[in-house]
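Taking it in order: structure first as structure tokens, then the write-up.
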Amino acid sequence: MIRPLVLKSVSIIAVAALLSACANSTDEAGANTSTAEVRAPGTVDPSIWPKVESPVGLDEAMESRITDIMAQMTLAQKVGQIIQADIGSITPEDLKTYPLGSILNGGNSAPNGDNRSPASAWVELADEFYEASKEAYGESFFIPMIWGTDAVHGHNNVPGATVFPHNIGLGATRNPALLGKIGAITAQEIRVGAQEWTFAPTLAVVRDDRWGRTYEGYSENPEVTASYAGELIRGIQGDVGSSDWLTGDHVIATAKHFLADGGTNQGRDQGDSIETEEEIRDIHGAGYPPALEAGVQSVMASFSSWQGEKLTGHKGLLTDVLKGQMGFDGFIVGDWNAHGQLDSCTNTDCPEALHAGLDMFMAPDSWRGLYETTLKQAEGGEIDLARLDDAVRRILRVKLRAGLFEAGKPSTRGVAGQYDLLQDPESKAVARQAVRESLVLLKNDGVLPLSNDATIVVAGDGVDNIGKQSGGWTLSWQGTGNENSDFPGGSSFLDGIERHLSNGSGKVIQTDESGSYTGNPTVAVVVFGEDPYAEFKGDIDTLAYKPGDDSDLDLLKKFQADGIPTVAIFLSGRPMWMNRELNASNAFVAAWLPGSEGGYAMDVLFGQTDDGAAVDFKGTLSYSWPRTAIQTPLNYDDENYDPLFAYGYGLSYANAKVVGTLPEDAGVELSQKNESSFFKAGKAVFPWEMVVGDASGKTTVKTSKAESPAGNVKIFSADDGVQENIRTLEFTGPGRFEVRGTPIDLRRQNTGDMAIYLRIRPETTTGNNSVRLGLDCGGTNCSVDNRLSTILQNTKVGEWAEVSVKLSCMGDPSGMEYVSAPVLMESDGSAKFSISDVRLVANEGQAVCLN
């Protein structure tokens, strides 16, 4: 099969790094590209990596100034510089006592704990932290703190800011210049909110689409990532040598996650890449040489491992390769408590990461303990003070380059507080261009382009849902719970349809929840797809779309049965097996996650912009589209490459093709119910859902925080090693928590002596006296009288307990034919505890009864 050519506008150094197949030669960057000798797993040969000359260079006067500053610093102040705290866990008052070098706002952190805080609240808080950090240093001298933010597809933290398509969509544009513009706009909008550092761009080259962060990668092809990296860094930071480099409208960029986060085995988030050193260099390292050439000032170490060793503690890659061979002179920051995942470390104790080359610990909620422990270790000789000084020097170097020492209060810097820039027409125009160019037309049997005079029936839960079309990392970490009103000036697909029909005689017909409608539509537009997710919560086992839930397919088939030509618009963070949906539609558009201006996708589907200019599909697949749900990993350079739609595929009005009827064998059972795993990683496992209730009714839990109607039961996400991977339940009166869904038959499991396993942790020393466990089988044959209180009261606060409770202790087998809630917890009074894992397990002697 002929594979389409991809854009080649990569830097000389990046190309040299990629051409590693040239045996026994030295590339233009000076790296020996011969096959490295066999080495022990996880060890590196720095000489085979490309050499990169920093375009900035060390300034003698600046280095002398850093030496003078460090001579005035106490050991406590040096330790403070290498620690970063989250604004959800530190206050300006804390910063007066603890001289930390940095703060961040994690995905769910915002001023006043409100993810919908306006930009003005961000500016006010930035000033408060700045003034507090000045007070911490007194009159002698002052080192400004630096604020990092996850602005990963625009400044996605602030309502009204421009939310661009996620990277998977930008990869489909093959337009590096557009990426530079997006980087510049994002930086400017960050500056409006008075921050100066973004944790972007992501340079992951994703090789297994089951990964929950697939949409954060531009492509499975490293050349695409390499072609974008430099443009993005220059857009975000400005050009090295220019008067506004790192200042003015620009901010500090972060190349992440170093390294091979997109190459983990089975696509598992924070997993292990088992590829060779040459493979991680040529594939996953492709974006770093051009990023370094463009002067990127920070690099984030990956959560993941390479050949069994966590990258956060990998001296060979962090120090010997990145800082040594590749010449990086900025600083390396960790990910969210990632240092605590090293075998020898905890979140509050990890000199190993510092010694490996980490310069700044991201210690969002562990900062206080880490600061105190690290200071003691530095005073006691456990930490190499030369390594500590090097880390501090690197951080100060970047702060000086960014002009922070002379910048004054954040609110006085550049465009800070110019809130009208968040609705700048030119920025919106770039976002709309990105949306139009990112769309990939997979199928068109003549139904597109649409007519302004058409009668269009619209359906699907994505047709008027800007939150869904924006995906994860939008106003919150997971991007859930957002409404259209959270995106002032934004545009849904329905908005786009109505805008075009207003230019003709067409009209819109709405459907109800069942898909029913009245009238005589000439065409149907159905917008549907994945619900928002981020990181490990998006990890999946196969590429099947919503296995066991055919509601979207049924909607398409309904219109098909009614004889209405149907356009399917699919929102997703990755390619998925969609053969049935493709067969049930006359046109199929992969719209990815287009962001706040997603309604302008309809320009392409109508074939014209508002001013009547013709517009065609331009997007082509930057990821291969699978033939079956289990065809993964699937990449353009596979030896036996056989996708459904190849890398680079994309139809247009000028380049039409008949797709035909596709086989509907997914390669895996799609109707299989999940009868064994109920709660994991902070969420109910599909198709189950979480419900909290009291005497006033029930509330389905769809966001990170929820409560029962009368407020007796509160549930919220919490962290245990990684973000939001557990849930905490707080009872203030009679209430219940359920994992509920379509009834399942557990009679066989009951007679087979199966048990409900759960991992539970008390969060208080008081209460927890009447917590009970059971299940709901729709009658009186099941009980809720297994006393979890026994476990909670005999476990120390903050420690996890594991317990398996026999199904037979919850009712007779005959009564478990229709179990609608396999997990049911009740309390009559006050209680507070967390859960992390609930599933059905075999009783191997560990199961008990608690009644």
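Observations
- Selection from the range 64-74 of residues that are in contact (Cβ under 8 Å) with a residue 40 or more places away in the chain and not β-branched (Val, Ile, Thr): 65, 70, 72, 73
- Those residues of the range 158-190 which are closer than 26 Å to residue 476 by Cβ and either out of contact with any helix residue (DSSP H, G or I) (no Cβ under 7 Å at 6 or more places or on another chain) or not in a helix (DSSP H, G or I) (or both), in sequence order: 158, 159, 160, 161, 162, 163, 164, 165, 166, 190
- The one condition from (1) more than 30 Å from residue 378 (Cβ to Cβ); (2) part of a loop (DSSP other than H, G, I, E, B) that residue 141 does not meet is (1).
- When 286, 200, 204, 194 are checked against the criterion of being within 16 Å of residue 335 (Cβ to Cβ), part of a loop (DSSP other than H, G, I, E, B), in contact with a Ser or Thr (Cβ under 7 Å, 6 or more places away or on another chain) and at pLDDT 95 or above, a single residue qualifies: 200.
- Residue 299 buried (at least 24 other Cβ atoms within 10 Å of the Cβ), among the aliphatic types (A, V, I, L, M) and either in a loop (DSSP other than H, G, I, E, B) or in contact (Cβ under 8 Å) with a residue 60 or more places away in the chain (or both): no
- Residues located in the range 561-595, provided they are under 26 Å from the mean Cα position of the chain (by Cα), in a loop (DSSP other than H, G, I, E, B) and over 15 Å from residue 440 (Cα atoms): 595
- Any hit, the range 31-50, residues being of a type in the set (A, V, I, L, M) and at pLDDT 95 or above: yes
- One residue stands out among those in the range 705-749 that are among the small types (Gly, Ala, Ser) and under 17 Å from residue 775 (Cα atoms): the one that is modelled with the highest pLDDT, which is 735.
- One residue stands out among those in the range 802-829 that are in contact (Cβ under 8 Å) with a residue 60 or more places away in the chain and β-branched (Val, Ile, Thr): the one that is surrounded by the most Cβ atoms within 10 Å (Cβ to Cβ), which is 819.
- Residue 319 part of a helix (DSSP H, G or I) and over 22 Å from the mean Cα position of the chain (by Cα): yes
- Some residue of the range 86-95 being at pLDDT 95 or above, touching a Leu at 6+ places or on another chain (Cβ under 6 Å) and within 30 Å of residue 719 (Cα to Cα): yes
- Restricting attention to the range 714-754 and to residues that are of a type in the set (A, V, I, L, M, F, W, C) and free of Cβ contacts under 8 Å to residues at least 60 places away in the same chain, the residue that is surrounded by the fewest Cβ atoms within 10 Å (Cβ to Cβ) turns out to be 716.
- Given (1) assigned to a loop (DSSP other than H, G, I, E, B); (2) farther than 24 Å from residue 779 by Cα; (3) β-branched (Val, Ile, Thr), number of the condition residue 715 does not satisfy: (1)
- Some residue of the range 123-146 being acidic (Asp, Glu), modelled with pLDDT under 95 and over 26 Å from the mean Cα position of the chain (by Cα): yes
- Residue among 404, 358, 450 that alone is over 32 Å from the mean Cα position of the chain (by Cα), crowded, with 22+ Cβ neighbours inside 10 Å and assigned to a loop (DSSP other than H, G, I, E, B): 450
- Scan of the range 531-560 for residues that are out of contact with any Gly (no Cβ under 6 Å at 6 or more places or on another chain) and assigned to a loop (DSSP other than H, G, I, E, B), ordered by number: 531, 540, 541, 542, 543, 545, 546, 547, 548, 549, 550
- Within the range 208-225, the residues that satisfy the criterion of being of a type outside the set (Asp, Glu), closer than 17 Å to residue 536 by Cβ and either surrounded by 24 or more Cβ atoms within 10 Å (Cβ to Cβ) or not assigned by TED's automatic domain parsing to the domain that holds residue 296 (or both) are 211, 213, 214, 215, 217.
- The residue pairs whose first member lies in the range 311-337 and is on the phi < 0 side of the Ramachandran plot, whose second member is among the aromatic types (Phe, Trp, Tyr) and in a helix (DSSP H, G or I), and whose beta carbons are closer than 9 Å, counting only pairs six or more residues apart or on different chains, are 322/288; 326/288; 328/288.
- Sole exception among (1) free of Cβ contacts under 8 Å to residues at least 24 places away in the same chain; (2) part of a loop (DSSP other than H, G, I, E, B) for residue 485, by number: (2)
The values are calculated or read from the model by the stated rules, or taken from the named source; none is laboratory data. Note that the structure is a prediction, hence the values are computed from the model and not measured. Quick reminder, even Gly has a Cβ in these numbers, built from the backbone with ideal geometry, and neighbours come from all protein chains shown.
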